[in-house]
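Let me begin by presenting the structure, written as structure tokens, before commenting on it.
The values are calculated or read from the model by the stated rules, or taken from the named source; none is laboratory data. Predicted model, so just to flag it, every value in this text is computed and none were measured. Backbone-built Cβ (ideal geometry, glycine too); neighbour counts: all protein chains shown. These accessible areas exclude ligands, DNA and RNA; they are computed on the full protein's heavy atoms, side chains included. Shrake-Rupley method; radii C 1.70, N 1.55, O 1.52, S 1.80 Å.
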Amino acid sequence: MKYKGSCHCGKIAFEAEGEITNAMSCNCSICSRKGSLLWFVPRDRLKYFGSEEDLSTYTFNKHVIKHRFCPTCGIHPFAEAVDPKSGQPTAAINIRCLEGIDLESVPVKHFNGREM
Ligand SMILES: [Zn+2]
């Protein structure tokens, strides 16, 4: 299944492919502020449209996760990183930014990411 997503103003438009079987709610310092519901896909299943200048990047702590956000509307639609277990490039999609998705139907797993 292909999902379309965007930030609020529409500068960042993207597509992600896969099955959403669950989403992760994390309590680390950044996720708790953003309120993201994360869905993990291999990085090559995420395609974004537009130029790099339309995509701002925030990193902190070990600077291994690229938190991508829109410089205009401030919405964080996804993050990119290398999975430490598999070594594979991975994207964490904020499913709140996807179109046509029934958030209530997605089981949410709670993750204790305090150390992140
Ligand atoms: Zn925007």
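Within segment 79-86, none of the residues are touching a Gly at 6+ places or on another chain (Cβ under 9 Å), more than 16 Å from the ligand (Cβ to nearest atom) and at negative phi. Looking at ASN27 and the list (1) closer than 24 Å to ASN112 by Cβ; (2) within 16 Å of the ligand (Cβ to nearest atom); (3) out of contact with any Pro (no Cβ under 8 Å at 6 or more places or on another chain), which single condition is not satisfied? Unmet condition: (2). The residue of segment 43-64 that is least open to solvent (accessible area, probe 1.4 Å), among those that are away from the ligand (no atom under 13 Å from the Cβ) and in contact (Cβ under 8 Å) with a residue 40 or more places away in the chain, is LEU46.
Entry remark, segment 1-40: residues being under 14 Å from ARG68 (Cβ atoms), open to solvent by 20 Å² or more (accessible area, probe 1.4 Å) and hydroxyl-bearing (Ser, Thr, Tyr) number 1 in total. Of the strands (runs of 3 or more DSSP E) lying entirely inside segment 1-95, those containing at least 2 residues that are among the β-branched types (Val, Ile, Thr) span 89-94. The residue of segment 8-21 that is nearest to the ligand (Cβ to nearest atom), among those that are within 15 Å of CYS97 (Cα to Cα) and not charged (D, E, K, R), is CYS9. Being in contact with a strand residue (DSSP E or B) (Cβ under 6 Å, 6 or more places away or on another chain), within 14 Å of ILE93 (Cβ to Cβ) and within 16 Å of the ligand (Cβ to nearest atom) is true of GLY5.
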